[in-house]
Amino acid sequence: MSERSPDDGVRRALSRVVDAARDRLDRGWLAILVLGAIAAVVSVVVATRLFPYHSLNHDEGVYLQQAELLRAGRLFLRPPVEGSYRPWFFVDGPQGLYSKYAPVTAAVFALGRTLGAYPLALAGVSATVVAGTAAVGRELFDARVGVLAGALVLASPLFLLHSGTYLPYAVTAAFEVTFAYAYLRAERTGSRRLATVAGAAVGVAFLARPYTAVLFAAPFIGHACVSLARSGAWRAPFTQVDEAARALFARRLATAGLGVLGVAVALGYNAVVTGDPLVFPYQAFAPEDGIGFGHRQLLAHETQYTVELALEANSRVLATLFSDWVAMGVVGTALAVAGVAASVGVARRRGPTPQSWRRVALGGMLLTIPAGNVAFWGNYNILGALDVANDGLIYHLGPYYHYDLLIPTAIFGAVAAVWGADRLNALLDSRLSDDLPAGRIAVVLLVITAGIGGAVAADTAAGPIQRNAAVSDELEAAYAPFEAQGGLSAGNAVIGGDRTAEPTVTFLPTVYGPWLNHPFQAVRNDPDFDGASLYALADNRELDVAAAHPNHSLRRYVYRGAWNPVDGEAVTAELRPVQRVSGESVRLDASVGVPGNAESVSIRAGGDAGQTYATANASERALTLSLVVADGEARLSGSGLSGAGSFAVADRDELTVTVFVSTGPSSGFSYELVFPVETGPDGVRALSPTRERCPVPDRCVPAGLGPSPPGTFANTTLVSGSAE
């Protein structure tokens, strides 16, 4: 009698698993799983290759910063220096800084990071959207419609781009499509468990994006209420009803109960972070940034959002969506319209059935989502200037507030394609003789049609992909100094830098105002502000930041050029070291170039408490000067200077030395040397200055960065010494 090896048991167990899977999965389900896997791979490629530094929508940095905060088990950031570490779209509350967005999207991203890397979260979300759409199509129609619907979503430019961005629209859609599938299947099978899943999914979707979830779920809610009323199941708590009615009422109770729980959690979260359950974080950040008409404002951007403006903006958004951002553009839209017409025609011929009413719920989304979005002024904002073509975020990232429309559009487009294929096969079968293989001819024609459709879909997606690739190329140049020092990684999976490296604090320029991650999304602080790489605003609190991190070396990020990633011209950037200097006095020594065509040179030195002026000999090719700060005043001196004197310095001041070189009656340029100082009983503290050359007063470039006109330069040193 032969002995059985352990491998035999393993093979038998695997065989049983395969047999069980085969029993449950037909070819349609396998195709859906394959589509989901493809979507997951696509999302990782898009995130790491197309958007290695993230997109033009700086909300990505908000969600990723919030994700790191959640991973640390906290809801609030508490920076070591107030004002210097405030991320974009974070609200300054009594308990600390918190995101203006609900935590669901960030929690999904945090899960991906916990499993290994942020792109894993995007992969899961993308797979769910594609496979979920296919599952809904299969549930409402058949397996062929489901698979083709998933493929159409996968081929949509709006899906492709958002599969690789850390934004909430695909995340919310993943929960919504899970709700739709669970609800529809529960209706057909009578499963209370699936009804419970539906309620949980829509509750989470509401917590993520309340208004979006309501617009998506509204047709299903209508279906639920009508079916509950028509069946008489609503009487179940009050009187005796039949078993079917009791089961229906139980399903409705499970779905509604968990859905309401999601609403309760949202209100509870509001109470924790804003102090009022009815005030959402985005309202605390900007009270007039919400749903409705009238005056709307977000920071300095405001408008009078009238019904007329809303209708104009939303009509443009929808036209753009259906012409450029669904699979195959206008061809895909035409298919969806034909699919709706075909579904209506079938319902009329066969009469109303439970399945036809469920299809009506799906079609209802084509009404509720566009109609509801009219009341949201964000659709006006993404267009930029209405009279300027190719403007606004919509040009690069599409009409993302209408992301959910991809689902019914793809399903009804698939309905039309399958209906057309069936009609073609029937037509060929009736027209051809028995000697001609009608089925094979139909397959050949369908393959040709699919090839043409694929080419059209690829062409539709090419434009948005190329535009965003050009943006990433410009951002690559902007982030080159960080890459050179190993501070970034694909998808920015590493936050706070390499902890084994020398700790640094980088002062970032306030390109768009006093915010971090706006625009610098790819460099972020860890929640505890104890990472090896920290990032602070380059403002009048630099000395406080330096004092808060005595063991970190300091540096400034400087760049030359306009920060406009869509203009086709990349910036030139570098990281410049910053020295701490302290003593009884500090002295700034400067040497600046004076070109041969200079006619006069004047100097102004000053701060908040005073200033002084001087002139210099324009014939000198290099002007040297010194500014000594001690005992609450600063003294300007230098070889060949006339009129130099002293001025008072505030306890906390920012001193500026401006050297203006005149090259004619109405021409010239200036050098700007700026550094922070603090004076007190213990002496003077200062940081090394910024150095800029200004062709005109309001447009300066870092001195020594990139090409400079002949004879121009600016060199500085900052040293400490005694007050004598």
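Would you mind telling me which numbered condition in (1) closer than 27 Å to Ala546 by Cβ; (2) over 48 Å from the mean Cα position of the chain (by Cα); (3) exposed (fewer than 14 other Cβ atoms within 10 Å of the Cβ) Pro665 fails?
(1)
For the stretch 684-723, which positions are without any contact (Cβ under 8 Å) to a residue 24 or more places away in the chain and not in a strand (DSSP E or B)?
Asp698, Gly704, Pro707, Ser708
May I ask you to say which residue of Arg580, Arg604 is in contact (Cβ under 8 Å) with a residue 24 or more places away in the chain and out of contact with any Ser or Thr (no Cβ under 6 Å at 6 or more places or on another chain)?
Arg580
Out of Ala21, Ala31, Ala39, I need the residue that is at pLDDT 65 or above and either more than 32 Å from the chain's Cα centre (by Cα) or under 30 Å from Thr114 (Cβ atoms) (or both). Which one?
Ala39
Considering each of Asn390, Asn373 in turn, give the residue that is surrounded by fewer than 16 Cβ atoms within 10 Å (Cβ to Cβ) and either out of contact with any Asp or Glu (no Cβ under 7 Å at 6 or more places or on another chain) or not assigned by TED's automatic domain parsing to the domain that holds Tyr181 (or both).
Only one candidate qualifies: Asn390.
Would you mind telling me which numbered condition in (1) of a type outside the set (A, V, I, L, M); (2) modelled with pLDDT of 95 or more; (3) more than 24 Å from Phe322 (Cβ to Cβ) Ser126 fails?
Result: Ser126 fails condition (3) only.
Suppose we filter the stretch 314-337 for residues that are outside any loop (DSSP other than H, G, I, E, B) and within 22 Å of the chain's Cα centre (by Cα); how many remain?
Residues meeting the conditions: 7.
Which pairs turn up if I take residues in the stretch 300-324 that are surrounded by 17 or more Cβ atoms within 10 Å (Cβ to Cβ) and look for partners that are of a type in the set (Lys, Arg) with beta carbon separation below 9 Å, at least 6 apart in sequence or on another chain?
As it stands, the answer is Tyr305/Arg296, since those pairs meet every condition given.
Taking the stretch 153-195 as the search range and keeping residues that are surrounded by 24 or more Cβ atoms within 10 Å (Cβ to Cβ), outside any helix (DSSP H, G or I) and among the small types (Gly, Ala, Ser), which one is nearest to the chain's Cα centre (by Cα)?
Ranking the candidates gives Gly164 first.
Between Phe220, Phe238, which is among the hydrophobic types (A, V, I, L, M, F, W, C) and touching a residue at least 60 places away in the same chain (Cβ under 8 Å)? Don't jump to the end; show me each part of the working.
Working: Phe238 fails: touching a residue at least 60 places away in the same chain (Cβ under 8 Å).
So the residue among Phe220, Phe238 that is among the hydrophobic types (A, V, I, L, M, F, W, C) and touching a residue at least 60 places away in the same chain (Cβ under 8 Å) is Phe220.
Can you tell me which residues in the stretch 511-540 are within 19 Å of Arg71 (Cα to Cα) and part of a strand (DSSP E or B)?
Residues satisfying the conditions are Ser533, Leu534.
Output the residues belonging to the stretch 235-262 that are modelled with pLDDT under 90, part of a helix (DSSP H, G or I) and buried (at least 17 other Cβ atoms within 10 Å of the Cβ).
Across the stretch 235-262, the qualifying residue is only Ala245.
Out of the residues in the stretch 393-406 that are under 16 Å from Thr333 (Cβ atoms) and hydrophobic (A, V, I, L, M, F, W, C), state the one that is surrounded by the most Cβ atoms within 10 Å (Cβ to Cβ).
Among residues in the stretch 393-406 that are under 16 Å from Thr333 (Cβ atoms) and hydrophobic (A, V, I, L, M, F, W, C), the one surrounded by the most Cβ atoms within 10 Å (Cβ to Cβ) is Leu406.
Cβ-Cβ below 6 Å, separation at least six or inter-chain, first residue in the stretch 543-571 and touching a residue at least 12 places away in the same chain (Cβ under 8 Å) and under 22 Å from Cys694 (Cα atoms), second exposed (fewer than 15 other Cβ atoms within 10 Å of the Cβ) and of a type in the set (Gly, Ala, Ser): which pairs?
Pairs found: Arg560/Gly706.
Among the small types (Gly, Ala, Ser) and touching a Pro at 6+ places or on another chain (Cβ under 7 Å): is that true of Ala573 in this structure?
In short, yes.
Here is a yes/no grid of residues against (1) more than 23 Å from Gly561 (Cβ to Cβ); (2) β-branched (Val, Ile, Thr):
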position	(1), (2)
Gly632	yes, no
Gly645	yes, no
Asp653	yes, no
Thr663	yes, yes
Asp682	yes, no
Arg685	yes, no
Glu692	no, no
Pro710	no, no
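Test each condition in (1) exposed (fewer than 14 other Cβ atoms within 10 Å of the Cβ); (2) among the hydrophobic types (A, V, I, L, M, F, W, C); (3) modelled with pLDDT of 95 or more for Ala622 and report the one that comes out false.
Status for Ala622: all satisfied but (3).
Would you check if there is a residue in the stretch 511-534 being surrounded by 19 or more Cβ atoms within 10 Å (Cβ to Cβ) and either without any contact (Cβ under 8 Å) to a residue 12 or more places away in the chain or closer than 18 Å to Ala686 by Cα (or both)?
The answer is no, given that none of the residues of the stretch 511-534 is surrounded by 19 or more Cβ atoms within 10 Å (Cβ to Cβ) and either without any contact (Cβ under 8 Å) to a residue 12 or more places away in the chain or closer than 18 Å to Ala686 by Cα (or both).
Results for (1) loosely packed, with under 14 Cβ neighbours inside 10 Å; (2) in the same structural domain as Gly593 (by TED's automatic domain parsing); (3) of a type in the set (A, V, I, L, M), shown as yes or no for each residue.
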{"residue": "Ser642", "(1), (2), (3)": "yes, yes, no"}
{"residue": "Arg652", "(1), (2), (3)": "no, yes, no"}
{"residue": "Tyr671", "(1), (2), (3)": "no, yes, no"}
{"residue": "Gly680", "(1), (2), (3)": "yes, yes, no"}
{"residue": "Gly683", "(1), (2), (3)": "no, yes, no"}
{"residue": "Arg691", "(1), (2), (3)": "no, yes, no"}
{"residue": "Val696", "(1), (2), (3)": "yes, yes, yes"}
{"residue": "Thr712", "(1), (2), (3)": "no, yes, no"}
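Hey, Val307 hits all of (1) over 22 Å from the mean Cα position of the chain (by Cα); (2) modelled with pLDDT under 95 but one; which does it fall short on?
Looking at each condition in turn, Val307 falls short on (2).
The values are calculated or read from the model by the stated rules, or taken from the named source; none is laboratory data. Predicted model only: the values in this text are computed from it and were never measured. Virtual Cβ from ideal backbone geometry, glycine too; neighbours counted across all protein chains shown.
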